[in-house]
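Coordinate-derived values only; no laboratory data. If you're wondering where the values come from, they're calculated on a predicted model, not measured in any experiment. Positions of Cβ are generated from backbone atoms using ideal geometry, with glycine treated the same way; all protein chains shown enter the neighbour counts.
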Amino acid sequence: MMPVLVIEHTDGDGPGHFGEWLAERGRPMSLVRVHAGDTVPVHLNGYAGLCVLGGPMSANDEHLDHIRAELALMRLALDRGLPVIGHCLGGQLLARTLGASVGPSPAPEIGWHQVNATETAAAQRWFGDARSPVVMQWHYEAFSLPEGAIRLAGNDACPHQAFEWGGLHLGMQFHPEADQPKLDGWVVNDRQEAEALSGVPTAQSPAQIAAGCRTHLLPMRSLAFRIYDTWAAGLVG
């Protein structure tokens, strides 16, 4: 099978459950670590699909070479019918590529938060019976809904949590890929960021995030594998 191209923006924000899913399905991965100096490819020859992960930068930061390159690469994937999946920043970049805007979210979200699936056949296809799953969030910005997209999920803090476009491509605001090692790193390394929002109802403390793993991590992993299996139906080769 041809590999999936995965773009990682920061150390400690790797593929997580997505990488685990690829390994279990026997699908190889080609990982581009822009934070380590890797260059974003300018073509997609030999790749089955494109996955873009999260990061602290904005999808509007076109002064960054890799952001411009990723927008161009997503456009190429869309034009070629190569499936794209975007996690948080990746979802925002996909929305921008499709002509939507990215700006401040109605409320920041940090930690475990519920999203509500829409009453659409598309949402059923992606989420199955998980109608109001609790997922990991860490974002301050959010995307508007691209023209022609199907809204799959939302909540009060962020009305557009996920969308499908063209039956192949998926943009998400949340982090279903976040596994235990990734979350352990966030709790330690991003503690000050989370604590700075103390008192904001949609921002959990590091202790709350760590405690929530015991309840929410395994169900989110199951949801992630459901989402990724659905996305895999469009992979090339």
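Given only helices, namely DSSP H runs of n ≥ 4 each adding -39500 (n - 2.57), what is the per-residue ellipticity at 222 nm of the chain, to the nearest 500 deg cm²/dmol? Present the calculation step by step, with values, prior to reporting the outcome.
Values: 7 runs with 82 residues, N = 237.
After summing the helix terms and dividing by the residues of the chain, the value is -10500 deg cm²/dmol.
Order 113-120, 140-147 from most to least packed using the mean count of other Cβ atoms within 10 Å.
Values: 113-120: 17.2, 140-147: 18.9.
Top of the packing list down: 140-147, 113-120.
What nm distance separates the two modelled labels at Leu197 and Asn116, each placed 7 Å from Cα along Cα→Cβ?
About 2.1 nm separates the two model spin labels.
Counting Lys and Arg as +1 and Asp and Glu as -1, what is the net charge of the other residues whose Cβ lies under 15 Å from the Cβ of Pro219?
Computed value for this residue: +1.
On a 0 to 90° scale, report how tilted helix 206-232 is relative to the longest principal axis of the chain, with both axes built from alpha carbons and the result rounded to the nearest 10.
Approximately 20 degrees, to the nearest ten.
Using only Cα atoms and rounding to the nearest 10 degrees, what angle (0 to 90) does helix 65-80 make with the longest principal axis of the chain?
Here the helix axis deviates by roughly 60 degrees.
Over the chain, what is the percentage of antiparallel beta bridges among all DSSP beta bridges, to the nearest 5?
On the way: 18 of 34 bridges.
Rounded to the nearest five, the antiparallel share is 55 percent.
Given that just one value was derived from the coordinates, which of (1) 17.7, 53; (2) 16.3, 49; (3) 18.8, 59 is Rg and Dmax of the Cα atoms in Å?
Given (1) 17.7, 53; (2) 16.3, 49; (3) 18.8, 59, the structure-derived one carries the label (2).
Pull out the extension gain between His43 and Tyr140, defined as 0.36 nm times the separation in residues minus the alpha carbon to alpha carbon distance; nm, one decimal.
Numbers: separation 97, 0.36 × 97 = 34.92 nm, distance 3.07 nm.
Contour length minus the Cα-Cα distance gives 31.8 nm.
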